[in-house]
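Visitor: The structure's right below; bear with me while I get my questions together.
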Amino acid sequence: MGDYYNTLYRLWSVMAFGAGTKLLADASEGHSSAEDMYIALTNCEGPSDAVKAAKDIPLTSAEKLLDICIKSGINIVTCDDEDYPAALRTLPDRPAVLFYRGDISGIGKNLSIAVVGARKPSDYSRRVAAGIVSTLSRDGFDIVSGFAEGIDICAHITAIKQGAKTYAVLGCGIDVIYPKPNEKYKQYIIENGALISEYLPATSPIPINFPHRNRIIAALSLGAAVIEAGAKSGSLNTASHCSEQGKPVFAVPPHDLYDSRYRGNVEIIRQGAVPLMSAKDIYSEYCLNIPHTIVENDALCRKLEELKAKNSVPSEQSESTGTKPVKTRKPALSIPESKAEEKQSEKPAKVIPEGASEEEKALLEALAGSDRPLRADELAEICEMEIGSILTALTGMEIEGIVTAENGAYSYKLM
């Protein structure tokens with residue numbers, strides 16, 4: 001946290017005018033500091049919305065909230081601080097305050113890409129996302145996403161498994177449990193990047209927040225990779241912000257042109273998005289077609305050129321199936337693996353991991369009792385669960401290394 005009093009007044013301004021609102025931007029104009037804005041507006045007489053909003057929030061309210069943040073371990077950085085992410089300063093509606101847990105000092109020091117997609121993705125999309133993110137992460141990219149279920153959390157955790165940094169931009173207060181199934185992954189992200197929010201602590205995840213926060217995801221990235229997007233997907237909003245900021249958009253071609261889950265992908269490819277079939281498409285776009293004004297750091301420009309020159313991208317098969325090429329980063333997250341030297345006649349018992357949810361326990365018990373891998377639809381029939389809930393649970397367990405997937409069927413790994 002920077003200067004206490006500057007932080008206090010910036011915090012007051014967000015409480016008075018709202019996070020990232022036009023009212024906040026308008027109220028900030030013409031004032032040399034947040035304190036100057038506070039003094040001018042609270043001592044002004046007039047009918048303006050800014051004056052009314054300023055007088056509705058006493059400074060003591062900001063003091064109480066700041067004290068709560070300090071005691072709760074919620075870090076605060078303001079747009080006046082040196083460690084405020086430089087990429088956000090160019091936004092016309094830049095966040096006056098960011099709340100975060102983790103470490104934001106590395107933002108902008110590495111190449112970065114936003115990876116976004118559906119909350120209930122297909123198996124195909126999850127495999128593609130994991131493969132592409134694995135390659136990008138091993139080659140030095142940081143991964144930015146929105147901490148939603150599905151593709152977002154898959155991107156975050158895959159990056160961590162490969163030793164990369166990942167930044168999750170929330171559409172609610174940083175202390176709010178949302179979405180609930182992802183809560184168990186927060187500490188991983190805090191230890192390998194940061195959770196970030198412009199919204200005040202305790203802010204509910206109302207729908208209007210998410211399109212607005214997407215401008216931050218876009219700003220912290222060199223471009224956006226859209227893995228799976230329906231016709232009205234929020235991922236398209238992130239892509240739109242990237243386009244407005246002069247950054248490229250990449251989209252995975254659908255495996256089925258008639259699948260409505262990929263209508264958004266088809267549409268943005270028609271509009272000029274780069275078809276994304278491997279990480280190589282991202283490297284090529286930056287090196288061949290994108291002005292290096294997007295990547296102002298000379299060292300990062302050289303890194304892109306090196307990636308293109310050495311053609312280090314693994315084959316399409318390794319990206320789609322998850323086969324691991326040689327790692328260039330030390331994994332930050334240890335994933336349990338079965339021991340190759342175990343004799344087949346000495347199979348250890350399959351133990352349900354501690355902390356597993358009731359849904360996960362039911363799925364693991366079904367997999368443990370089967371003599372062959374099971375598809376999601378088979379598990380839905382056995383466990384009498386909704387297919388969407390099953391896919392969400394399986395994705396989380398696959399990321400954690402508890403289950404494996406091959407050709408759309410799942411197996412419970414030996415623990």
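Visitor: Could you give the angle, 0 to 90 degrees to the nearest 10, between helix 59-72's Cα long axis and the longest principal axis of the Cα atoms of the chain?
Guide: Helix 59-72 sits at roughly 30 degrees to that axis.
Visitor: Shifting gears a bit: So for the chain: antiparallel DSSP bridges make up what percent, rounded to the nearest 5? Show your work: numbers first, answer last.
Guide: Working: 14 of 33 bridges.
Roughly 40 percent of the beta bridges in the chain run antiparallel, per DSSP.
Visitor: Here's a follow-up. Based solely on its DSSP helices, what 222 nm [θ] is calculated for the chain when runs of n ≥ 4 H residues each add -39,500 (n - 2.57) and the sum is averaged over all residues, nearest 500 deg cm²/dmol?
Guide: Numbers: 17 runs with 172 residues, N = 415.
That calculation yields -12000 deg cm²/dmol at 222 nm.
Visitor: Among LYS184, LYS161, LYS232, what is the fewest-to-most ranking by other Cβ atoms within 10 Å? Don't jump to the answer; show the numbers that get you there.
Guide: On the way: LYS184 13, LYS161 25, LYS232 9.
Lowest to highest Cβ neighbour count: LYS232, LYS184, LYS161.
Visitor: Could I ask something else about it? Provide Rg and Dmax in Å for the range 46-171, with only Cα atoms included in the calculation.
Guide: When restricted to the Cα atoms of the range 46-171, Rg and Dmax are 18.5, 59 Å.
Visitor: Remind me, relative contact order of the chain in percent, using alpha carbon pairs under 8 angstrom and six or more residues apart? Each step should come with its number before you reach the end.
Guide: Values: 725 pairs, mean separation 55.6, N = 415.
Averaging sequence separation for qualifying contacts and normalising by length gives 13 percent for the chain.
Visitor: What angle do you read, to the nearest 10 degrees and between 0 and 90, between the alpha-carbon axis of helix 209-219 and the longest principal axis of the chain?
Guide: With rounding to tens, the tilt is 80 degrees.
Visitor: Any chance you could run the full-extension gain for GLU406 through ASN110? It's 0.36 nm times the residue separation minus the Cα-Cα distance, nm to one decimal.
Guide: Details: separation 296, 0.36 × 296 = 106.56 nm, distance 3.27 nm.
Full-extension gain reported as 103.3 nm.
Visitor: Continuing with this model, one more query. Determine Rg/Rh for the range 344-412; Rg is computed over alpha-carbon atoms and Rh is the Kirkwood hydrodynamic estimate from the same atoms.
Guide: Details: Rg = 11.4 Å, Rh = 12.1 Å.
The Rg/Rh ratio comes out at 0.94.
Visitor: Right, another one. When the convex hull of the C-alpha atoms of the range 4-77 is computed, what volume per residue in Å³ does it have? Walk me through the numbers before you get to the answer.
Guide: Details: hull volume 6.2 nm³, N = 74.
In the range 4-77, the Cα convex hull volume per residue is 83 Å³.
Visitor: Something else: Any idea what log10 I(q)/I(0) is at q = 0.07, 0.19 Å⁻¹ for the range 111-321, Debye with uniform C-alpha scatterers and no solvent?
Guide: -0.18, -1.47
Visitor: How much of the DSSP beta bridge set in the range 140-279 is antiparallel, as a percent to the nearest 5? Write out the running numbers ahead of the final one.
Guide: Values: 0 of 12 bridges.
The answer is about 0 percent antiparallel.
Visitor: Continuing with the same structure: Pairs LYS120/LYS303; LYS184/LYS232; LYS64/LYS120; LYS71/LYS184: which are spaced more than 31 Å apart, C-alpha to C-alpha?
Guide: Numbers: LYS120/LYS303 34 Å; LYS184/LYS232 29 Å; LYS64/LYS120 39 Å; LYS71/LYS184 22 Å.
Listed pairs above 31 Å: LYS120/LYS303; LYS64/LYS120.
Visitor: Any chance you could get the radius of gyration and Dmax over the Cα atoms of the chain, in Å?
Guide: 22.8, 84
We did not get these values from a lab; they are worked out from the coordinates using the rules stated. These figures come from a predicted structure and were not determined experimentally. Virtual Cβ from ideal backbone geometry, glycine too; neighbours counted across all protein chains shown.
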